[in-house]
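Here's the structure we're looking at; comments come further down.
The values are calculated or read from the model by the stated rules, or taken from the named source; none is laboratory data. Not measured: the values here are computed from a predicted model. Surface areas here come from the heavy atoms of the whole protein model, side chains and all, with no ligands, DNA or RNA. Shrake-Rupley method; radii C 1.70, N 1.55, O 1.52, S 1.80 Å.
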Amino acid sequence: MSQPRRGRRQVSQKSQLPLVFGIGAAILVLVVVGVILLNRGNGSEIEKVTVAEGTTAPSTTGVVQELPDEGQQHVADGTKVEYKQNPPTSGSHWSGPAQWGLYQTNPPEDERIVHNMEHGGVIIWFKPSATSAAENEQLVKLFTALSAEQYRTILVSRENMDSKVALTAWNHRQLLDSVDETAIQAFFNEYILKGPECVNLRCPQ
């Protein structure tokens with residue numbers, strides 16, 4: 001009488017094995033996805049150095065420089081502003097920001113772009129004479145992808161700088177001697193929507 005019951009129990013236990021493995025696999029996938037998203041969003045790839053007030057920012061490439069705030073006053077459009085950093089990361093600026101987008105030629109004035117950073121934007125600057133056609137195409141492709149994530153992004157040419165690529169957000173700058181997609185993505189993740197006029201990742205247009 002007892003043997004049939006054992007047989008039914010064994011069949012029941014075997015029938016539950018696929019369900020157990022399926023649940024375990026689903027949990028594993030969720031954990032892996034969670035770790036990827038956490039690493040993407042926590043800025044773990046960012047190496048920072050703070051530049052003290054009154055000192056000159058070094059031209060070191062690869063690390064993010066946290067720079068002194070030069071203020072954020074509006075001045076009349078057309079007024080020339082002398083910035084301490086190249087490219088600038090803060091300071092007085094015109095009342096009208098630049099249009100978000102791509103500027104291979106005819107870049108907007110610094111006084112407009114600084115306003116974009118005040119509104120939480122990330123700016124990717126590149127030196128045309130130091131950038132190959134393949135690198136230019138790489139930058140445009142990356143810029144397009146970043147803009148799809150958050151439109152407050154500008155890719156702009158700048159001949160009068162030492163590095164091949166420079167990344168700026170309000171009070172932060174990273175100089176690059178190559179088109180480092182990992183560094184650019186990490187900088188974007190860390191500083192997008194972090195301007196002084198942004199509150200809880202909500203920024204003016």
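The figures follow:
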read-out: Selection from region 154-205 of residues that are open to solvent by 20 Å² or more (accessible area, probe 1.4 Å), at pLDDT 95 or above, not polar (S, T, N, Q) and not in a loop (DSSP other than H, G, I, E, B); value: H172, E181, E190
read-out: Residue that is least open to solvent (accessible area, probe 1.4 Å) [pool: residues in region 115-137 that are assigned to a loop (DSSP other than H, G, I, E, B) and closer than 13 Å to L176 by Cα]; value: T131
